[in-house]
Structures are given as C-alpha cells and as structure tokens.
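*Asks:* Have a look at this one.
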Amino acid sequence: MMTREKTTFYIEGPDWINEVEIDTSLFDDDRSQLLEAGTMALEKQLKISEDMNLGAIILIRKGRKNAKEAMVNSYICLNNAGQYKIAENLRVTFKDATGQDLSVDAEGFSY
C-alpha cells in the first residue's frame, strides 16, 4: 500500500492568498510539486474571481511555518491550468515592460 504524503502549500498573488493540499508522493521533485500547487491555486482563485490580479510570479511556501519561499512563474501555471489566453496576455505584457519572455523559463521557479 502506497503511503500518502499530503502537504499544504501556501500560495500568494499580488492581492490574494490560497492554500492547497497535494499528495507530494505523486511528484518526483520540488519543481513538479511547486508547479502543481501553483496551478491548483490559480484554478481556485479563478473560480472566486475572473478578474484575478496576477503578476509574473507567485510566491509559494511548503507548509505554514516554512520561511523558505519559492518564486514560481505564473505563465507556466496558467498554461497548466488551460488558461492559455490569460497566460499569453501575461507573457506579452511582461515582455513589453521588461524585455524578458516568461515562456523561455525552463526551470519555472527559484528560491
């Protein structure tokens, strides 16, 4: 019998916070866990409000007391959630403002 390893992740956008619980035993690495948590949080937030305020990154902590925050690429999470139009609008706006293209971020997160 496989052991379930449920972990609560805390995800922060510019003016919203969500928490999601995932079974970390289903994922091979931190990257996969963080992208899944970010995707689930964005999906949850979109159900609350379609006019979600979203920047290029979202902040994710694994566990309530964990001081270590990951900065996760919102563009990748939006695409994972099937929100391609919102993702592309974010990518274009961010690229116009900074010259950086969110779609070429191979890692998708950093601590």
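The values are calculated or read from the model by the stated rules, or taken from the named source; none is laboratory data. Model, not experiment: these values are computed from the prediction. Reconstructed Cβ throughout: ideal geometry from the backbone, glycine too, with neighbour counts over all protein chains shown.
*Asks:* Given the options ILE17, ILE60, name the one that is of a type in the set (Val, Ile, Thr) and in contact with a helix residue (DSSP H, G or I) (Cβ under 6 Å, 6 or more places away or on another chain).
*Replies:* Details: ILE17 fails: in contact with a helix residue (DSSP H, G or I) (Cβ under 6 Å, 6 or more places away or on another chain).
Being of a type in the set (Val, Ile, Thr) and in contact with a helix residue (DSSP H, G or I) (Cβ under 6 Å, 6 or more places away or on another chain) holds for just one of ILE17, ILE60, which is ILE60.
*Asks:* From the list ARG31, ARG91, pick out the single residue that is under 18 Å from GLU107 (Cα atoms) and in contact (Cβ under 8 Å) with a residue 60 or more places away in the chain. First the steps, then the outcome.
*Replies:* Working: ARG91 fails: in contact (Cβ under 8 Å) with a residue 60 or more places away in the chain.
The unique qualifying residue is ARG31.
*Asks:* Which residue pairs have Cβ atoms closer than 6 Å, lie 6 or more positions apart in sequence or on different chains, and pair a first residue in region 8-21 that is without any contact (Cβ under 8 Å) to a residue 24 or more places away in the chain with a second residue that is crowded, with 17+ Cβ neighbours inside 10 Å and part of a strand (DSSP E or B)?
*Replies:* Final answer for the pair search is GLU19/TYR10.
*Asks:* Residues that are surrounded by fewer than 17 Cβ atoms within 10 Å (Cβ to Cβ): find the helices (runs of 4 or more DSSP H) completely inside the chain holding 2 or more of those.
*Replies:* On the way: elements: 30-48, 74-80, 84-98.
It comes to 30-48, 84-98.
*Asks:* Failed condition for SER49, given (1) more than 16 Å from PHE9 (Cα to Cα); (2) at pLDDT 95 or above; (3) more than 10 Å from the chain's Cα centre (by Cα), with all others met?
*Replies:* Status for SER49: all satisfied but (2).
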